Every structure is written in structure tokens, then in C-alpha cells.
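Let me begin by presenting the structure, written as C-alpha cells, before commenting on it.
The values are calculated or read from the model by the stated rules, or taken from the named source; none is laboratory data. From a predicted model like this one, the values you see are computed outputs, not experimental measurements. Using ideal geometry, Cβ is built from the backbone for each residue, glycine included, and neighbour counts are taken over all protein chains shown. Note: areas computed on protein heavy atoms with side chains; ligands, DNA, RNA excluded. Shrake-Rupley method; radii C 1.70, N 1.55, O 1.52, S 1.80 Å.
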Amino acid sequence: MLNTFQQASHKMLPTATADEAARQEFAKSLKGFVQSTLLPGLTPVYNTRVSQAFEKEHGRKPQNRRDIRNGMVKDAYFQHYAATNRIAQELLWESVNVSVDRQLPELIERARELSAGTKAELRIPEGFVPPRYVTAFDIHCMPGGYCSEVAKDDVSVGALYDRGVFLYAMGYTGPDNDDMGRSVCNYLRRHAPDFKPRRILDMGCTVGHSTLPYKEYFPEAEVWGIDVGVPCVRYAHARAAGMGLEVNFAAMNAEETTFEDGYFDLVVSHILLHETSGKAMPRVFAEAHRVLAPGGMMIHADLPPFDLMDPFTQFILDNETWYNNEPFWGAMRDMDQIALAEKVGFERAAVKFDTAPMAVMEFAAAADGYSQQAAEDVAEREFTAGEFAPGGGWEVLIARKADVAALAA
């Protein structure tokens, strides 16, 4: 039986020696320990120590996540948690980098061969320049970020991301790292069973992990994945070919693509928005609206807005902003995304937030010997905004472009 929480091998995934695999499993386990053992301790620390100390100092109770942070950063337990979490993140990437560096020449050659053997298109414009909000620092502490190249036809950061993000998610992205895309596809099957997109665009696809389910679920569709990381795009194209799927990839900025107006029926993204910027995000929405055909759908799977959760939960999740090189993480969650979608042309009544249950959890429920009804119960239960694992769902912003001709008829 497929082990849902072990990454499935494919032709582009770097292999690990026994020692490398042990280090990677240690890094994943350390991250799991932080999440399951250290993180829960923050709540009693806040309730029994920090909130009282803050009220004594300021003459009022903490009112928002900033007040809570102001108190928590002085506490030794929080300092221990934050430091260990950061160490686990850096160890995670380093444990994978050893495998990638050792195999880089053969990974590059394998990517060339796989890409040459597929009919799917790979577009990398000469002189392509990625935006500064991606290149100015290493997002989520990944060495080299998404765009660094150390050799001709480099794929190193793509390989690093493919393995590293699986460890980061502690297996909850599924064996093919595709849980977000697969979960959105499942959502469409349940809520829009008659929707059959002819052309699909995945904005900010990185290594195409969440792009491929759309080709599986809509095999007749023309599918494109775009990203500003050139080595990630190269890796994504070869990875898809190695997994037997013909998916097109391009180095392209989601703020301004080269596709014609109304070309796509479905535009999606998966954890893209919080890695853009305050100026870029409205442009991404506007571009999605431009390239959508009338009646087409935009779905962004990302982080739930902060106004859906209490201040302490906001504080916990906003640690990514402060300690994981995710500067737009918190700011993005403060933005009114429904108003933003309306501003670029979507009708407000056609925009909403919803939750797509995690496909990996549905699969695990069924695979563990439970009934189909039990799996459906997992799919239909109410989810709490901000849940990730175990047993959670992905927050999705959904907007449908008005079909003016249909309305007129």
C-alpha cells in the first residue's frame, strides 16, 4: 500500500545516501517535534505569564497580534521555540542540499534528456529578469531562493525545493507534493462538476508539483505552469515529462504574462500570493482577470485572512513573517482580497472564500481501512481557518468572471 507520508520517487528527484536520508528524516522529525510539542506550550505560557505581564506593564490587555508579540518575545520559552524552529528550517534545506550538490551534473543532464523527449513546450525568454521581491532574499530560508543558477541549464534550486518542501510539510503535501492542486481539483469535482476547462494556467508553479493534478483531472486541457524562477521552470518541465505528463512551462511573471486576453478557462495559484508584494498582488489579480475567458474561474489557494481568526492564532502564524524570510506573509493576510478581486473586474457576488479539504487526509482515511462514508465525512466536515495538518483544509479564494454575452442573452 502507498505510504502517504513518504515522498514518491520520480526521475528528477535527487536520491539520498543512507546518511543523507537519515539527516533528512532527522530534520523532518525535529520540525514535527517543534510543531507537536513546543508549539502547544506557547498557549499556556501566554495565558499564565505573558498576558498578565503585558497588562501590568501597559495597564490594558493585549489587543492584537502585535501586542502579543511584544510580550512573547521577552519570554524564554518563546525564544527557545522560535530558535529551535529556525534551526530546524535551516537544517532541513542543508540536509537536502548535500544530495543535490553531489548529483547536480547528472540531474542537469537528466533534465535535458527528459525535456527533449516531450512535446510539451518550455519557454525561457532570453534575458528574463525576475522581480526583486523574489530575488532580494532567500524566501523561507531556502539557500539560493527560487532563481539562483550555479551552472548552465541549472536545476539545483528546483531539486532542492521538490525534496525540501516535502520535509517542510512533514509529508502533508502527499507523496507527489501535489496536495494543494489535488485538493482544488477535488473541490471543483464536488462543487462544479460540469466545469470542463479547455486551458488552465498555474501562476507561480515553482516545480509544477500542484500543476500536474490539473492535467490528470482534465486530460484534454492545455495546461501551463509559469514561474519567475528559471531553474525551477526547467526542473518542472523535466519533472512532468519524467512523470509521463505533457504540461507546458514558462519563465514568466504572473503580474504580466504574454498570453492573449481570455485565453484560459481556469487560472489557479498555490501559496503564490504571500510571496509577492503589496504592489504585485493587485497586478496578479488583474492579470488573472485579463487572461480569463468569460465564465472562467480564478482560484488562489493560500493563507486565510487574519480577520477570520483570533489575535493569538494570528500571532502564531505571523512568526513566518519574522523568522522565516516571508516578509509579505502577514501583510497579505491583512488585505481585503474580495475587494481587490472586485476592483480588477470580478463581480463581488461572484467572489468568495471557501475551504478545499486536504486530499492527503481523505486518502489516508480511506487507506487506513475506514469506509467510503468515513472518507466523505473527512471531506465534508467544517474546517477551522488556518488549519494545515493533520486533518485540515486549504483556504481558497474563488472568483468567476462574468459572461457578458450569456447575461445579455
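Mind putting a number on the dipole of region 36-178 about its Cα centre? Charges go on the C-beta only, +1 for Lys and Arg and -1 for Asp and Glu, and I need it in Debye to the nearest 20.
Numbers: 17 positive and 19 negative charges, 194 e Å.
Dipole of region 36-178, to the nearest 20 debye: 940 debye.
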With the cut-off at 1.5 for a/c, could you classify region 1-88 from its C-alpha gyration tensor as rounded, prolate or oblate? prolate
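Report the charge-dipole magnitude of region 1-73 in Debye, nearest 20, computed about the Cα centre from +1 at each Lys and Arg Cβ and -1 at each Asp and Glu Cβ. Intermediate values should be presented prior to the final figure.
Working: 11 positive and 6 negative charges, 75 e Å.
Result for region 1-73 is approximately 360 debye, rounded to the nearest 20.
Could you calculate the contour length gain from PHE353 to ALA8, that is, 0.36 nm times the residue separation minus the distance between their Cα atoms, to one decimal place in nm?
Numbers: separation 345, 0.36 × 345 = 124.20 nm, distance 3.15 nm.
Gain on extension, PHE353 to ALA8, equals 121.0 nm.
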Carbon and sulfur together cover what percent of the accessible area of region 80-159 at a 1.4 Å probe radius? 53
So how do 35-46, 337-348 stack up, highest first, on mean other-Cβ count within 10 Å? 337-348, 35-46
Given 117-126, 150-159, the highest-first ranking by average Cβ count within 10 Å works out to 150-159, 117-126
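Kindly rank 284-293, 257-266 from highest to lowest mean number of other beta carbons found within 10 Å of each residue. Walk me through the numbers before you get to the answer.
On the way: 284-293: 22.1, 257-266: 17.2.
By packing density, highest mean first, the sequence is 284-293, 257-266.
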Quick check for you: with a 1.4 Å probe and neighbouring chains kept, what is the accessible area per residue of the chain, in Å²? 44
State the extension gain, in nm to one decimal, for the chain segment bounded by ARG189 and GLU149, taking 0.36 nm per residue of separation less the distance between their alpha-carbons. 10.5 nm
Once phi is turned into θ = phi - 60°, what whole-Hz ³J(HN,Hα) does the Karplus curve with 6.51, -1.76 and 1.60 give for every residue of region 118-128, x standing for Gly and Pro? 10, 7, 5, 7, 10, 10, 10, x, 5, x, 4
Please give the charge dipole size of the chain, origin at the Cα centre, charges +1 on K and R Cβ atoms and -1 on D and E Cβ atoms. Round to the nearest 20 debye. 560
Listed residues ASN319, PHE218, ILE200: farthest to the positive end of the dipole of the chain (Cβ charges): ASN319
I need the shape label for region 170-303. Rule: rounded when a/c is under 1.5, else prolate if a/b > b/c, else oblate, with a, b, c from the alpha carbon gyration tensor. rounded
Hz values of 3J(HN,Hα) by residue in region 288-295 - Karplus curve (6.51, -1.76, 1.60), Gly and Pro given as x: 4, 5, 5, 7, 7, 6, x, x
What relative contact order, as a whole-number percentage, does the chain give when Cα pairs under 8 Å and 6 or more residues apart are counted? 17
Checked region 170-225 against the a/c 1.5 cut and the a/b vs b/c comparison, axes a ≥ b ≥ c from its Cα gyration tensor; verdict oblate
Under 12 Å between alpha carbons, and skipping anything fewer than 8 positions from LYS352 in its own chain: which aspartates and glutamates qualify? ASP336, GLU342, GLU395
Which of the listed residues, GLN79, HIS58, GLN24, is farthest toward the dipole's positive end in the chain, when Lys, Arg count +1 and Asp, Glu count -1 at the beta-carbon? HIS58
Note the full-extension length gain between PHE137 and GLU246 as 0.36 nm times their separation in residues minus their Cα-Cα distance, in nm to one decimal. 36.0 nm
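Can you quote the Å³ per residue value for the convex hull of the Cα atoms in the chain, rounded to an integer? If you can, show how the numbers build up before the last one.
On the way: hull volume 62.5 nm³, N = 409.
Roughly 153 Å³ of hull volume per residue.
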Can you list residues whose amide H is under 5 Å from LEU266's amide H, if they're 5+ apart or on another chain and H is modeled 1.01 Å from N? ARG199, LEU201, MET297
